[in-house]
Amino acid sequence: MDLRGRTVLVTGSTGGIGKETARGLAGLGARVLLVGRDAGRAAAAAAEIARSAGNAEVEALTADLLLQRDVRDLARRVRERTDRLHALVNNFGVLDPCLPPTEEGLEATFAANVLTPFTLTNLLLPLLREGRGRVVNVTGGIPGGAIDPDNLQGEKIRVGWTFSQYNHAKTALMAMSHEMAGRLAGTGVTVNVVYPGHGNTPGNQGLPMSSFPRAYRPVVPLLRVLGPFVLSDLAKPARAAVRLASDAGFEGVTDVYIGPGGRRTPWPESVRDPRARAAVWSLCERLGDHTAG
Ligand SMILES: NC(=O)c1ccc[n+]([C@@H]2O[C@H](COP(=O)([O-])OP(=O)(O)OC[C@H]3O[C@@H](n4cnc5c(N)ncnc54)[C@H](OP(=O)(O)O)[C@@H]3O)[C@@H](O)[C@H]2O)c1
């Protein structure tokens, strides 16, 4: 689809898979709003994407997306720049299970992977409605396990123990997305989820050894050596998000999960469970309100 004249926002897009998603959408002519933490890196990424995509309309924004106050401030700045959005790609995610609670006292994996997409999407809904926008949420890990309403913020997991909090959070993101798609049915705003596939990204490279389950640790050095060779093409894991955000074939298509391999995949049973969805949704509402300031 030709995206000239349309504005898209991609989070976590100054590096990793998000940057390639942004590049793909810029290549289709969209005005692209990038988001990263650091103004210098964000400006450099915007200039580089603009050059390589032959599209000057790439703009850099900064926010710490672990923090709800920054998410709200980002939404305000986006509203100042545009009155409509064609797509919001909630790509930013956190894998590291060793991160401490955020400054706002929230468990970081849940805050990054579930709460931030929830809050940002809700705050930008007027723009998405205006643009008949597509919300694309990026999952990861091994999603689809049971959702434990009493463990959504890792209450039962020891810090640094396993990636299970990441898997749980990404499953919760899918449940939140499935719920949101239902709530927004008929508004023109679509909500879908994509599994990108693996890439050798800053997020992966920066993981401390202690964040890996003990059984994996002996092979981690080998994976770190092989990663740059076998997983360096980040355009590949970015492809499915670009398609969801841009293909004419996805016009009006909502409540869909594009699973590993780029195939349309049924929602896992845990995501379809209405009680699990309600638990995730109400926690997001509670934490979002709580930190609204
Ligand atoms: N990589 C994989 O193999 C893989 C596999 C499956 C799913 N996924 C999912 O795909 C998505 C992208 O993964 P990735 O590996 O590309 O991630 P990544 O390498 O961690 O992404 C880096 C991007 O995130 C930004 N970022 C990091 N912390 C931030 C913060 N606190 N606030 C705002 N921006 C922040 C970075 O900005 P700066 O420029 O400021 O650093 C940069 O733009 C995630 O949702 C991940 O869970 C990844």
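The values are calculated or read from the model by the stated rules, or taken from the named source; none is laboratory data. Here the structure is a predicted model, which is why all the values come from computation and not from measurement. Glycine gets a Cβ as well: all are built from the backbone with ideal geometry, and neighbour counts include every protein chain shown. Only protein heavy atoms, including side chains, enter the accessible area calculation; ligands, DNA and RNA are left aside. Shrake-Rupley method; radii C 1.70, N 1.55, O 1.52, S 1.80 Å.
Of note:
- Heavy-atom accessible surface of the chain: percent carbon and sulfur, 1.4 Å: 54 percent
- Listed by chain and number, the lysines whose alpha-carbon sits under 30 Å from that of Lys19, ignoring those within fewer than 8 places in the same chain, are Lys170, Lys236.
- Extending 7 Å from the Cα toward the beta-carbon at both Asn122 and Arg183 defines two label points whose distance is 0.6 nm.
- Histogram of C-alpha separations across the chain, 5 Å bin width, %: 1, 6, 13, 17, 20, 19, 13, 7, 3, 1, 0
- Think of each Lys and Arg Cβ as +1 and each Asp and Glu Cβ as -1; about the Cα centre, that makes the dipole of region 1-106 roughly 380 debye.
- Cα gyration tensor, region 141-293 - rounded (a/c under 1.5), prolate or oblate: oblate
- With K and R counted +1 and D and E -1, the other residues having a Cβ less than 10 Å from that of Ala276 yield a net charge of -1.
- Once the Kirkwood radius over Cα pairs is known for region 162-219, the Stokes-Einstein relation at 37 °C and 0.692 mPa s delivers a diffusion coefficient of 233 µm²/s.
- Whole-angstrom gap from region 44-111 to region 213-254, using each part's C-alpha centre: 19 Å
- Structure-based [θ]222 nm, the chain - -39500 (n - 2.57) summed over DSSP H runs of at least 4, per residue, nearest 500: -13000 deg cm²/dmol
- Distance between the 7 Å Cα→Cβ label points at Arg69 and Lys236: 4.3 nm.
- Considering only Arg183, Arg31, Arg272, the mean-square fluctuation computed in a Gaussian network model of the chain, springs between alpha carbons under 10 angstrom, is largest for Arg183.
- Using the 1.4 Å probe convention, the accessible area of the chain works out to 44 Å² per residue with neighbouring protein chains retained.
- If the segment from Asp150 to Asn204 were pulled out straight at 0.36 nm per residue, it would be longer than the present Cα-Cα gap by 16.6 nm.
- When the charge dipole of the chain is built from unit charges on Cβ atoms (+1 for Lys and Arg, -1 for Asp and Glu) and taken about the Cα centre, the candidate among Met176, Thr116, Ser13 whose Cα reaches farthest toward its positive end is Ser13.
- Charging the Cβ of each Asp and Glu at -1 and of each Lys and Arg at +1, and nothing else, the dipole of the chain about its Cα centre rounds to 540 debye.
- According to the Kirkwood relation over distinct C-alpha pairs, the hydrodynamic radius of region 34-159 is 16.1 Å.
- Antiparallel content of DSSP bridges confined to region 7-290, in %, to 5: 10 percent
- Modelled FRET efficiency - R0 30 Å, Ala215 with Thr265, Cβ distances, 0.05 increments: 0.60
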